[in-house]
1. What number, rounded to the nearest 500 deg cm²/dmol, is the helix-based mean residue ellipticity at 222 nm of the chain, given -39500 (n - 2.57) per DSSP H run of at least four residues and division by all its residues?
2. Distance check, please: which entries in Lys110/Lys271; Lys25/Lys110; Lys189/Lys245; Lys7/Lys145; Lys96/Lys174; Lys25/Lys264 exceed 23 angstrom between their Cα atoms?
3. Comparing Arg74, Arg35, Arg209, which has the greatest mean-square fluctuation in the GNM of the chain with Cα pairs linked when under 10 Å apart?
4. Nearest-5 percent of antiparallel DSSP beta bridges in the chain?
5. Using a probe of 1.4 angstrom, how much of the accessible area of the range 159-215 is carbon and sulfur, in percent?
6. For the chain, take the alpha-carbon Rg, divide it by the Kirkwood Rh, and send me Rg/Rh.
7. Looking at the chain as a GNM with Cα springs under 10 Å, which of Ile97, Ile83, Ile262 has the largest mean-square fluctuation?
8. Dipole magnitude of the chain about its Cα centre, charges +1 at Lys/Arg Cβ and -1 at Asp/Glu Cβ only, in debye to the nearest 20?
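The values are calculated or read from the model by the stated rules, or taken from the named source; none is laboratory data. On a predicted model such as this, the values are computed, not experimentally measured, just so you know. A quick note on method: Cβ atoms are made from the backbone with ideal geometry, for glycine too, and the neighbour counts reach across all protein chains shown. Heavy atoms of the whole protein, side chains included, go into the accessibility calculation; ligands, DNA and RNA do not. Shrake-Rupley method; radii C 1.70, N 1.55, O 1.52, S 1.80 Å.
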Amino acid sequence: RSQILHKLADLIEAHLEEFAQAESKDQGKTITAARSMEIPRAVYNFRFFASTILHNTTECSEMAHMSCTHFTTRTPVGVAGLISPWNLPLYLLTWKIAPAIATGNTVVAKPSEMTSVTAWMMCKLLDEAGIPPGVVNIIFGSGPKAGEAIVSHPDVPLISFTGSTLTAQHIREKSAPYCKKLSLELGGKNPALIFDDADLDQCIQTTVRSSFTNQGEVCLCTSRIFVQRNIYNAFLEKFVEGARKWKVGIPSDPTANMGALISKEHMEKVKSYINLAVSEGAKIL
């Protein structure tokens with residue numbers, strides 16, 4: 001399994017530019033982000049777990065007074081149902097597939113219907129890497145149809161989902177009758193805390209990047225900033241200045257810091273929050 005995972009990583013890396021171009025066009029992220037971070041991270045995901053399974057340790061404890069030893073053995077669960085989001089398509093899909101097959105499971109995976117091109121491209125490399133038929137199965141379709149079928153199937157005992165909290169609640173309801181193992185990575189409301197002993201120049205650079213990386217379409221992105229009162233005005237001025245330096249451009253522009261939002265619907269949602277903030281007394285700087 002380790003050798004096969006390394007082979008798949010090699011194949012994706014050999015086609016890195018093709019994957020990066022496709023990811024940028026399909027998702028809207030900058031070509032720089034796709035080329036320098038996201039596709040390389042997908043490659044690393046396979047290599048990481050290919051190495052991890054060669055160095056696994058077994059938990060063991062001894063009860064000498066009872067002449068017995070306790071140890072833990074780990075066995076494959078079976079079929080893993082994997083549902084990945086649209087913001088980091090291949091990055092997060094491979095982050096699910098790699099550990100599942102590394103540990104001896106088979107997978108039925110569904111990429112987001114909004115960003116499925118690189119998943120399809122990876123499918124063409126599975127056979128060449130030596131993955132047996134039926135081990136990695138990719139289903140293309142919407143959440144209510146394809147995702148629902150995976151979650152509701154009695155022979156899929158494990159579900160890994162990255163997406164919205166509302167969808168996760170539905171998944172829990174559907175999984176409960178089967179007592180399925182669940183891994184749910186959901187949305188966050190991540191705060192940055194800025195105290196008056198911080199290096200202001202450094203934290204401005206970091207906070208701007210954490211707020212707007214990938215157009216802000218990352219569950220780890222900063223969405224709230226709490227600043228100690230006595231440095232608030234200085235921070236605000238520098239933060240606005242730093243944000244204005246970020247270049248918004250077409251995704252194929254290698255000098256752009258931000259590309260396009262995922263969809264018109266998502267753009268309207270973002271604009272609605274801006275309008276709501278203004279209606280509640282906020283000032284756009």
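1. The helix-only estimate for the chain comes to -13500 deg cm²/dmol at 222 nm.
2. Numbers: Lys110/Lys271 29 Å; Lys25/Lys110 20 Å; Lys189/Lys245 25 Å; Lys7/Lys145 33 Å; Lys96/Lys174 21 Å; Lys25/Lys264 15 Å.
The answer is Lys110/Lys271; Lys189/Lys245; Lys7/Lys145.
3. Largest GNM mean-square fluctuation: Arg74.
4. Working: 4 of 27 bridges.
Given both bridge residues lie in the chain, the antiparallel proportion sits at roughly 15 percent.
5. Carbon and sulfur atoms account for 52 percent of the accessible area of the range 159-215.
6. 1.03
7. Highest fluctuation of the listed residues: Ile262.
8. It comes to approximately 420 debye.
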